[in-house]
Amino acid sequence: MENQRQSIELADIFRSRATEFLQNNTLCPEQIKAFKSISSCRTSALGGHVDQCDNCGHVRPAYNSCRNRHCPKCQFIRKVKWVDKLAANLPPVKHFHVVFTIPAHLHRLFYLNQDKAYSLLFKAAGKALMQCAANQNFLGAQAGAVAILHTLPR
Ligand SMILES: [Zn+2]
């Protein structure tokens, strides 16, 4: 997997729609920080530095990274390493991709109580998976799961 520049990046979309997006959405402080970090990542807004090759001395100017944990550019290598490590530890068994969604009328409740609500969601989802897998009418097996929270903008 290579970290090649995509034709359109998330930062490009953020920058092109920042005013409209920020006027029409209410973000918590952490979301605002992530939005600003991603928007300014590897631009003149964060300053720059010069990379130099230890062998040939070739120099390359580069803008600084935001290092925000939500930035897809900054977290690319970390994500690849995480996926590789996770894949290496998976037993050679069948697996399924299961998605649990939150009903729209609960979105605001989850947004306002993220820690508790997502904790309960993970517990409920895990329990549902284990109970279904253990049921002799389904798998009759002891299951395991890797759970990841995937959110969409409000
Ligand atoms: Zn970044």
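The values are calculated or read from the model by the stated rules, or taken from the named source; none is laboratory data. Quick caveat, the model's predicted, so the values are computed rather than measured. Note that each Cβ is placed from the backbone with ideal geometry, even for glycine, and that neighbours are counted across all protein chains shown. Ligands, DNA and RNA are excluded from the accessible area calculation, which covers all protein heavy atoms including side chains. Shrake-Rupley method; radii C 1.70, N 1.55, O 1.52, S 1.80 Å.
Values computed for the structure shown
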item	result
Reach of LYS127 by Cα under 13 Å, taken over aspartates and glutamates that are not fewer than 8 positions away in the same chain	none
Efficiency of FRET from Cβ geometry, PHE122 and ASN64, R₀ 41 Å, rounded to 0.05	0.70
Within straight-line cross-link reach of LYS73, aspartates and glutamates at Cα separation under 20 Å, skipping those fewer than 8 residues along the same chain	GLU2, GLU9, ASP12, GLU30, ASP51, ASP84
Convex hull volume per residue in cubic angstrom - Cα atoms of segment 1-89	146 Å³
3J(HN,Hα) from dihedral phi, segment 79-86, Karplus parametrisation 6.51/-1.76/1.60, rounded to Hz, x for glycine, proline	5, 4, 5, 5, 5, 4, 5, 5
Relative contact order (%) - criterion: Cα under 8 Å, at least six apart; region: the chain	13 percent
Solvent exposure of segment 1-89 as accessible area per residue, Å², 1.4 Å probe	79 Å²
Accessible-area composition of segment 1-124, carbon plus sulfur, in percent [1.4 Å probe]	56 percent
Under the Karplus curve 6.51 cos²θ - 1.76 cosθ + 1.60, θ = phi - 60°, whole-Hz ³J(HN,Hα) for segment 45-52, x wherever Gly or Pro sits	4, 9, x, x, 7, 10, 8, 10
Segment 90-154 - accessible surface per residue (Å², probe 1.4 Å)	90 Å²
Estimated vicinal HN-Hα couplings, Hz - segment 89-101 in sequence order (Karplus 6.51, -1.76, 1.60; Gly, Pro = x)	9, 6, x, x, 10, 5, 9, 10, 9, 10, 10, 9, 10
